[in-house]
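Colleague: I'd like to ask you about the structure that follows.
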Amino acid sequence: MRYDVAIIGGGVVGCAIARALSRFRLRTILLEKECEVGFGTSKSNSGIIHAGHNGATGTLKGELEWAGNRLWDKLHDELDFGFHRNGELMVAMSPEQVSRLEHFLEQGRKRGVTGLEIWDGDRVRREEPALSTEIVAALAAPTAGVVNPYEVCFSLIENACLNGVELAVGMPVRAIRPMAGGGFDIVTPERLVHARYIVNSAGLFSDEIARMAGAGDYTIRPRKGEEYLLDKRLKGLVTRTIFPCPTPQSKGILVIPTYDGTLMIGPTAGFIDDKNERSTTAAGAEEIFAAVRRFCPGISERDCIAEFAGLRATIEGDDFVIAPSKQKGFINCVGIQSPGLTAAPAIAERIVAILRDEGLEMIENDRFQPRVGKRVRFATLSLEDQVRLAAEDHRFGRIGCRCEQISEREIIDAIHAGARTLDGIKFRTRAGMGRCQGGFCSWRSMQLLSSELGIPMTAVTKRGGNTWIVCERKAKSANEGGDA
Ligand SMILES: Cc1cc2nc3c(=O)[nH]c(=O)nc-3n(C[C@H](O)[C@H](O)[C@H](O)COP(=O)(O)OP(=O)(O)OC[C@H]3O[C@@H](n4cnc5c(N)ncnc54)[C@H](O)[C@@H]3O)c2cc1C
């Protein structure tokens, strides 16, 4: 089990690195502790491709936000995930806040961000009629976009594997031993992996991975963000992502028209101690709804259909660390908080350059295939095309998820593309993401997982580990009577 590069952590950063390395003739493995990629912070965020003017000048976050932003169109064209540039408005609610808008306008222009403009209140309401009459001005940034972040992870890794990367899921790294002659032994419960180089992209746990190898002394402080999804009834209420004027700690609480048309509001920003704590709270909901109603009064708690929380992996200094460590051959990506999703493609390019500088020979893989096959999105087709497809394959004619109109064939395709859990199906197809939140389709998705993978229903989980949904019926004792 000898590899040139082992990537530890399969979030959007690790998957982007895997795909970037698959352009070269290397033996690369990605080790991920969860049962699927993208199940860390990369599935629990706002899904915004930031416009490029947000991160402060002189920081790596600022530099890679804009560098990453420019790489998304090509990536989207090649990898067929949900993405479009809907633009953003950063709104000022008082004349004092307008000077903050001017600061971001200047910061963006110096960096080369295109299309930035300050609009007065009337223009804001002409373009986005649902916004409050109290808004005095806004900074408009057409370069901002929205993306389905989990789909990005799946597409990146699918393409990386097509080009020779090995994916090892359910493979938590427990220890790393630097070897005297160079390289590392990486210990997991099932395998011992030897790699000449390690890229640490373990998100919230990247401090622990660095410590295991004696490759840096970082402390990740999780900063929790709660997000609330609203009914599709509100689709189109706003078309751009709406930001308040940011503070130094946070970009604030936003209204986000997601790629699929659901409005999302959030996130909160509060430090916590536990890296596994992802609860939502009544206080968080109250804060979010009160904040967004100030600039978008039409939003009500009654429209909430789902909620979740994600954890930002912050470190002291609040910037990204993307650098070789004092342990030769060990490269760190630590502190990849927001805008880590936006920056991921640029982070991957930087890792390729660092590995080359560190002595890894990079020979182009002349059989590299940049594309994945196009997925059928049944709900978005014309009635004529839907009828044609259903006649060709009856599984297109059977709707698994009624809210989002996802066919059984799409669910089966998702399983064959790597979905192993209900969440894996949900994030690949949207089955279970609609108003009923899986109330009707979960059972059918479970049956399909069971039949396609040849596993009993009791082995089907929501997101791996012990998140089973049904268990064996316990035999009743003679005293209780009834059937076994
Ligand atoms: C609420 C919220 C909103 C956000 N919104 C945005 C946004 O709109 N735009 C934006 O650009 N950014 C946003 N971000 C930031 C963005 O989500 C992150 O920067 C990005 O997802 C980080 O990706 P990652 O791959 O570094 O981490 P992760 O996705 O957490 O991936 C790390 C992976 O490492 C694995 N791992 C950990 N330990 C081990 C181990 N021992 N062995 C093997 N594997 C291991 C984990 O299971 C995980 O899959 C937001 C973040 C939050 C929390």
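A short reminder: the numbers here are calculations on the coordinates, not readings from a lab. Remember, it's a predicted structure, so these values are computed and weren't measured experimentally. Backbone-built Cβ (ideal geometry, glycine too); neighbour counts: all protein chains shown.
Colleague: Between GLN97 and ARG367, how many nm apart are label points set 7 Å from Cα along the C-beta direction?
Modeller: It is 5.6 nm.
Colleague: Which helices of the chain meet both criteria: a Cα extent of 24 Å or more along the helical axis and a mean Kyte-Doolittle score no lower than 0.0, with helices taken as whole DSSP H segments? Let's see the in-between values first.
Modeller: Details: long enough: 95-111 (25 Å, -1.55); 340-357 (25 Å, 0.87).
Span-like helices in the chain: 340-357.
Colleague: Would you be so kind as to identify which of GLY464, ILE256, LEU453 lies farthest towards the positive end of the dipole of the chain, taking Lys and Arg as +1 and Asp and Glu as -1 on Cβ and the Cα centre as origin?
Modeller: Final value for the positive-end residue is LEU453.
Colleague: Just want to confirm a number: the relative contact order over the chain, from Cα pairs under 8 angstrom separated by 6+ residues, in percent.
Modeller: Details: 1049 pairs, mean separation 90.4, N = 484.
So the answer I get is 19 percent.
Colleague: Further, regarding this structure: With +1 on each Lys and Arg Cβ and -1 on each Asp and Glu Cβ, how big is the dipole of the chain about its Cα centre, in debye rounded to the nearest 20?
Modeller: So the dipole magnitude of the chain works out to roughly 600 debye.
Colleague: Another one. Give the dimensionless ratio obtained when the Cα radius of gyration of the chain is divided by 2.2 N^0.38 Å.
Modeller: Computed over Cα atoms of the chain, the ratio equals 1.01.
Colleague: Compare the peptides 313-326, 94-107 by average per-residue count of other Cβ atoms within 10 angstrom and give them in order, highest first.
Modeller: 313-326, 94-107
Colleague: Let me ask something additional. What residues have an amide H closer than 5 Å to that of GLU34, excluding those fewer than 5 places away on the same chain, when H is modeled at 1.01 Å from N in the peptide plane?
Modeller: So GLU34 has HN proximity to GLY170, MET171.
Colleague: Would you be so kind as to identify which of ILE412, GLN437, ALA390 lies farthest towards the positive end of the dipole of region 378-459, taking Lys and Arg as +1 and Asp and Glu as -1 on Cβ and the Cα centre as origin?
Modeller: Ranked along the dipole, the leading option is GLN437.
Colleague: Something else now. Just the number, please: percent antiparallel of the DSSP beta bridges in the chain, rounded to the nearest 5.
Modeller: 70 percent
Colleague: Continuing with the same structure: Please list, or write none, the aspartates and glutamates whose alpha carbon is within less than 14 Å of the alpha carbon of LYS328, excluding same-chain residues fewer than 8 places away.
Modeller: Candidates past the 8-residue exclusion: ASP4, ASP185, ASP357, GLU358.
Colleague: Something else: If you put +1 on each Lys and Arg Cβ and -1 on each Asp and Glu Cβ, how big is the dipole of region 353-484 around its Cα centre, in Debye rounded to 20?
Modeller: Dipole magnitude for region 353-484 comes out near 540 debye.
Colleague: When Lys and Arg each count +1 and Asp and Glu each count -1, what net charge do the other residues less than 14 Å away from VAL37, Cβ to Cβ, add up to?
Modeller: For residues surrounding VAL37, the net value is -1.
Colleague: Given axes a ≥ b ≥ c from the Cα gyration tensor, I'd like to know whether region 300-393 is rounded (a/c under 1.5), prolate (a/b larger than b/c) or oblate. Intermediate values should be presented prior to the final figure.
Modeller: Numbers: a/c = 4.78, a/b = 1.47, b/c = 3.26.
Cα axes put region 300-393 in the oblate bin.
Colleague: Give me, ordered by chain and number, the residues 5 or more places off ALA306 or on other chains with an amide H under 5 Å from its own placed amide H.
Modeller: Long-range HN contacts for ALA306: LEU229.
Colleague: Now for a separate question. Using a cut-off of 13 Å between beta-carbons, work out the net charge of the residues near GLU127 (Lys and Arg +1, Asp and Glu -1, GLU127 not included).
Modeller: Residues near GLU127 contribute -1 overall.
Colleague: What is the mean projected area of the alpha carbon convex hull for region 110-194, to one decimal in square nanometres? Don't skip to the end; give the middle numbers.
Modeller: Working: hull surface 47.4 nm².
Result: a mean projected hull area of 11.8 nm².
Colleague: Let me ask you something else. As a test of the formula, what do you get for the chain when each DSSP H run with n ≥ 4 contributes -39,500 (n - 2.57) and the sum is divided by the residue count, at 222 nm and rounded to the nearest 500 deg cm²/dmol?
Modeller: -9000 deg cm²/dmol
Colleague: Pick out, from ALA343, THR380, GLY359, the residue whose Cα sits farthest towards the positive end of the charge dipole of region 329-386, with +1 on the Cβ of Lys and Arg and -1 on the Cβ of Asp and Glu.
Modeller: Value computed over the given set: THR380.
Colleague: For region 1-134, count all C-alpha to C-alpha pairs, find those more than 25 Å apart, and express that count as a whole percent of the total.
Modeller: Percentage above 25 Å: 45.
Colleague: At 25 °C and 0.890 mPa s, grab the translational diffusion coefficient of region 378-459 from Stokes-Einstein with a Kirkwood Rh over Cα pairs, rounded to a whole number in µm² per second.
Modeller: D = 194 µm²/s.
Colleague: Which whole-Hz ³J(HN,Hα) couplings does region 455-471 yield from phi under the Karplus relation 6.51 cos²θ - 1.76 cosθ + 1.60, θ = phi - 60°, glycine and proline marked x?
Modeller: 10, x, 4, 5, 9, 7, 10, 6, 8, x, x, 9, 8, 4, 10, 10, 10
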